[in-house]
Amino acid sequence: MSTIGFIGLGHMGGPMAANLVKAGHTVVGFDLAPAALEQAVKDGASVADSAVDAVRDADVVITMLPSGKHVLGLYDDLLPVAKPGTLFIDCSTIDVADAREAHERAEAAGHRSVDAPVSGGVVGATAGTLAFMVGGSEEDFQAASPLLDVMGRKVVHCGDAGVGQAAKICNNMILGVSMIAISEAFVLGEKLGLSNQALFDVASNASGQCWALTSNCPVPGPVPTSPANNDYQPGFAVALMDKDLGLAANALRTNGVDAELGLKAAELYSQYHAAGAGGQDFSAIINDIRDRSTEGQQ
């Protein structure tokens, strides 16, 4: 069993760390939020007074942080104090360029490194059914896999450093565009006198079938476990979709990709987030579409 320094014990990191404890690993965690530390102790982890203290004796360091600047800033403090050859696993969703820089810094300091962003939300983190998209060498991927298998159901080695992040932003661009298309279809169906249940029954068994419809349906009723049946409590929050689509939009522009739908999805979620909906599930975008559609009627 490994000794793991886990930095970032929020909505995603906390349950992930708890699953590692359940599997028999020693987890020493740190988070800036006292409530997160309290929960970690309840889940069986030890907590440190600082991120540096959490990693001093660790075999593996896992980070789950808001952005690339947080990851790189923390690495400045952690890399010099970690034991030689420590495996750094960054599960944050960050820019590909930042992920590659984090790899380079870790390797230059004598450590191993993979980027391993996740998909599956809080529900997946709690259940241990996340999907991990991993970038790094084959050797480092094999070293990380036993721990990722504890926290997830699907672990995919996507390629070299940073390619895990590339897979994550591409996947979430598909998800964001899909949810907008589904939401527009339901609003149109309502205008045409089609019940939500009837549209779901057709689309879920026809060419409109996709995960955003059958697992995260944006209207109450058809999928009882979807956030739409719980006042759009996330789930996967609008603020996070806005962040991920912003990363995708930056990558699209940087790499000269003509992707009108991806850029438009980023624009719509950015506007919805700015309007105060950041804490709602990303499927709540249907309410924004519905409101704007009503305003547009003559």
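Observations, loosely collected:
- Working note: Cα atoms of the range 80-128, range along each principal axis, descending, whole Å: 36, 24, 13.
- Note on the range 1-158: Cα-only Rg and Dmax are 13.7, 37 Å.
- A viscosity of 1.002 mPa s and a temperature of 20 °C, combined with the Kirkwood radius over C-alpha pairs in the Stokes-Einstein formula, give the chain a diffusion coefficient of 107 µm²/s.
- Flagged links, alpha-carbon separation over 21 Å, of K22/K154; K42/K154; K154/K264; K69/K168; K154/K243: K42/K154; K154/K264; K154/K243
- Separation of alpha-carbon centers, the range 1-38 and the range 232-298, rounded to whole Å: 31 Å
- Residue-normalised accessible area of the range 1-158, given per residue in Å² at a 1.4 Å probe: 42 Å²
- Comparing F236, P218, A166 along the charge dipole axis of the range 161-273, the residue lying farthest to the positive side is A166, per the Cβ-charge model.
- Heavy atoms of V47: accessible area, 1.4 Å probe, square angstrom to 10: 60 Å²
- Part-to-part distance (alpha-carbon centres) for the range 81-107 and the range 124-148, which is given in Å: 14 Å
- Debye log10 I(q)/I(0) at q = 0.19, 0.22, 0.26 Å⁻¹ for the range 19-97, Cα point scatterers: -0.86, -1.14, -1.41
- Scalar couplings 3J(HN,Hα) for the range 84-93, obtained by applying the Karplus form with A = 6.51, B = -1.76, C = 1.60 to θ = phi - 60°, are x, x, 4, 8, 9, 10, 9, 9, 5, 9 Hz; x denotes Gly and Pro.
- Accessible carbon and sulfur surface of the chain relative to its total accessible area, %, 1.4 Å: 54 percent
- Quick note on the range 164-294: its Rg to Rh ratio, both from C-alpha atoms and Rh being the Kirkwood radius, is 0.97.
- Translational diffusion of the range 99-213, estimated by Stokes-Einstein from the Kirkwood radius over alpha carbon pairs at 20 °C in a medium of 1.002 mPa s, is 132 µm² per second.
- For the chain, calculated [θ]222 nm from helices alone, where every DSSP H run of n ≥ 4 adds -39500 (n - 2.57): -15500 deg cm²/dmol
The values are calculated or read from the model by the stated rules, or taken from the named source; none is laboratory data. Please read all numbers here as calculations on a predicted model, not as lab measurements. Methodologically, a virtual Cβ is constructed for each residue, glycine included, from the backbone with ideal geometry; neighbour enumeration extends over all protein chains shown. To get the accessible areas, we keep the full protein, side chains included, count just its heavy atoms, and leave off ligands, DNA and RNA. Shrake-Rupley method; radii C 1.70, N 1.55, O 1.52, S 1.80 Å.
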